C-alpha cells in the first residue's frame with residue numbers, strides 16, 4: 001500500500017459510519033470495485049476482501065516505508081525550521097500532511113519538495 005493510497009483510504013473514516021460501511025468503502029477503493037459490486041457480494045466473499053484489507057494494514061505497520069527512513073524522532077534534536085514546517089503542515093491534518101511532515105524530519109539532504117514527492121509516489 002502506498003502512502004497516497006493510505007491517505008485516500010483514511011478519508012473514508014467517519015465516526016458516524018459503522019465499521020462495515022467503512023470497510024466496504026476501503027474494499028471498493030483498494031480492489032477497484034464499484035459500490036454495487038460490493039453491495040451484491042456474498043458474505044463469504046466480502047469477508048475474504050476484508051481479511052485482505054486487514055493484511056495490508058498489518059503489513060503497513062511491519063514493513064512500512066517509514067521504518068526504513070532515517071527520521072528524527074527526538075523533538076529536542078530538530079531545528080527551529082523543521083519545527084515551524086511541521087507545525088505549518090499539520091494545519092492541513094495529520095493524514096493529508098503525512099508526506100510533508102515526514103519530508104521535514106527525514107535526515108536526507110535532498111530538497112523538501114523532492115522528498116515529499118518521493119514519499120507520495
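A few notes on this one:
- Nearest 10 degrees, 0 to 90: helix 19-30 Cα axis against the chain principal axis: 70
- Segment 75-112-segment 11-37 distance, computed between alpha-carbon centres (Å): 30
- Label point distance in nm, residue 113-residue 8, each placed 7 Å from Cα along Cα→Cβ: 2.4
- Using a Gaussian network model of the chain in which every pair of alpha carbons under 10 angstrom is joined by a spring, one finds that among 82, 45, 15 the greatest mean-square fluctuation is at 15.
- Helical mean residue ellipticity (222 nm; -39500 (n - 2.57) per DSSP H run of 4+; nearest 500) of the chain: -18500 deg cm²/dmol
- Angle between the chain longest axis and helix 43-62 axis [Cα atoms, degrees, rounded to 10]: 10
- Among 98, 92, 41, the ranking by other beta carbons within 10 Å of each residue's beta carbon, starting with the fewest, stands as 92, 41, 98.
- Between 0 and 90°, nearest 10: helix 80-90 axis offset from the chain longest Cα axis: 20
- FRET efficiency for residue 71 and residue 51, using Cβ-Cβ distance with R0 set to 41 Å, rounded to 0.05: 0.85
Throughout, read-outs are computed from the coordinates displayed, never taken from laboratory work. Predicted model, so just to flag it, every value in this text is computed and none were measured. Here Cβ is always computed from backbone atoms with ideal geometry, including for glycine, and neighbour counts include all displayed protein chains.
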